[in-house]
Each structure stands twice: as structure tokens, then as C-alpha cells.
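Presented below is the structure to which this report refers.
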Amino acid sequence: MIVEAILVYAITSLLDPVKALFANKFSSQNIPVNEVIAIVGIAAIIAFTAIAYYLILQLRNYLKSRKAVETVEDYLDLLLFDIEDFIKKWRVTRFLRLSYRREIQRKSMGGNRFMIRNHANAIRSSAKNLKVLVNPNEKLFTSLDEIVNSMVRLSVELELVFETVGNIKQTAETKFNELISDGDNICIKFRNIIPELEVLRGKIPKD
């Protein structure tokens, strides 16, 4: 309810200047000002509602991923969430958000070029917290570290390629295909390691 109230207030505040602008511009030109304002108002409400919906979903996912962690199982859930979150955002285009893969294909990843590194840091942090609380399967966590290191290398390349428009234009098409292939392979490796992480759930001591 609080979010809805804030949204309504924001939309109302933003529409007032628009109404004033159209009233001043068209009132002396025999143009149906009310109809114009109504159309603009409806378009603005639709746009702000769509943006607000997207932001609320993002906030909900963020709060879910950063919930209070108290048990080993919570750390495991957080690690799995971070991994799934990367896989989803790499592969899935949803509403206003293009997948990272699609952004690379369209050569439009400039604003998100640091996100792969952020995902890598989140997964590394979650894995570190989990590792100190369980009897570690060294092979499993070593494999996980290798995947995260691959993510960091991919991030470095993306950050360089998408740093400027000039860099994008100078990059060969084969390089973009290579970046996409690297990201796909990381997702495949994560998918293969998820069942191994789930095995840990059965080894968590019960109170």
C-alpha cells in the first residue's frame, strides 16, 4: 500500500506540470486541451505503471537475495539463488529487460557491462560463507571458484568491448560470438554443478 501511494503521488506530481504546459500552449489555439491532456495522462500512467512494476519486481528479488541469513541452509539457498539469478538474466528476456546474451547480440550492453562482475562477486561471497560452515567438498568448491573466475574474465572482456561506441565498432563479429559462447558455457557449468550443491542439503546437520 505504501508503494502504491508513493506511485500515485509521483504520477500526480509529474502530470501537473504536463497539464500546465499543454494548457498554456494550446488554450489560445482552439485545440481540445482536455482531450490532449487525457491522452498524455493515460500514456504517462501506462508508462509509469510499467516502470514501477518492473522496479518493484527488481526490489523484491534483491530483498529476497539479501534476506537475513542465519543457518547453513540459508547460505546454501542464497548461493543457489545467486547462481539461478545469473543464469536467468543471461538467458531470459523479460518485459523491459533484455537478457545479457541478447544485449551482446544487439551490441547494446553498455549500461550493463559491469553486471557480470557483480554476479560473480555475489556468487563468490555466498560460496565463501557456505564453505566455512560445512565440511567442504574441496572438488566442488574448486570447480565453483573456476566458474566464477571465468565469469570475471568474461566481465573484463565485456567491460572493454562495451566501454565506448568506438570499441564496439572496432570489435570483430567473431569476438561477440565468442563472448556469447563463453557466457553460455558458464551457464551450462552452473547447471551441472547445481545438483552437487543440492547434495549438501542432505548433509547439513539437523538441530
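Annotations
- log10 of Debye I(q)/I(0), alpha-carbon scatterers only, for segment 110-188 at 0.14, 0.24, 0.27 Å⁻¹: -0.53, -1.11, -1.28
- By average C-beta atoms within 10 angstrom, highest first, the peptides 143-154, 160-171: 143-154, 160-171
- Bins of 10 Å, starting at 0 and running to the largest distance - Cα pair percent for segment 150-207: 20, 35, 20, 14, 9, 3
- Nearest-20 debye value, segment 110-180 charge dipole, Cβ charges on Lys, Arg, Asp, Glu: 200
- Fraction in percent of alpha-carbon pairs per bin - 10 Å, segment 102-141: 26, 32, 21, 18, 2
- Whole-number accessible area per residue in Å² for segment 101-207, which is evaluated in the context of all protein chains at 1.4 Å: 57
The values are calculated or read from the model by the stated rules, or taken from the named source; none is laboratory data. Keep in mind that what you see is a predicted model, and the values were worked out from it rather than measured. We place every Cβ from the backbone using ideal geometry, glycine too, and count neighbours over all the protein chains shown. When the accessible area is computed, the model is the full protein with side chains, heavy atoms only, and any ligands, DNA or RNA have been set aside. Shrake-Rupley method; radii C 1.70, N 1.55, O 1.52, S 1.80 Å.
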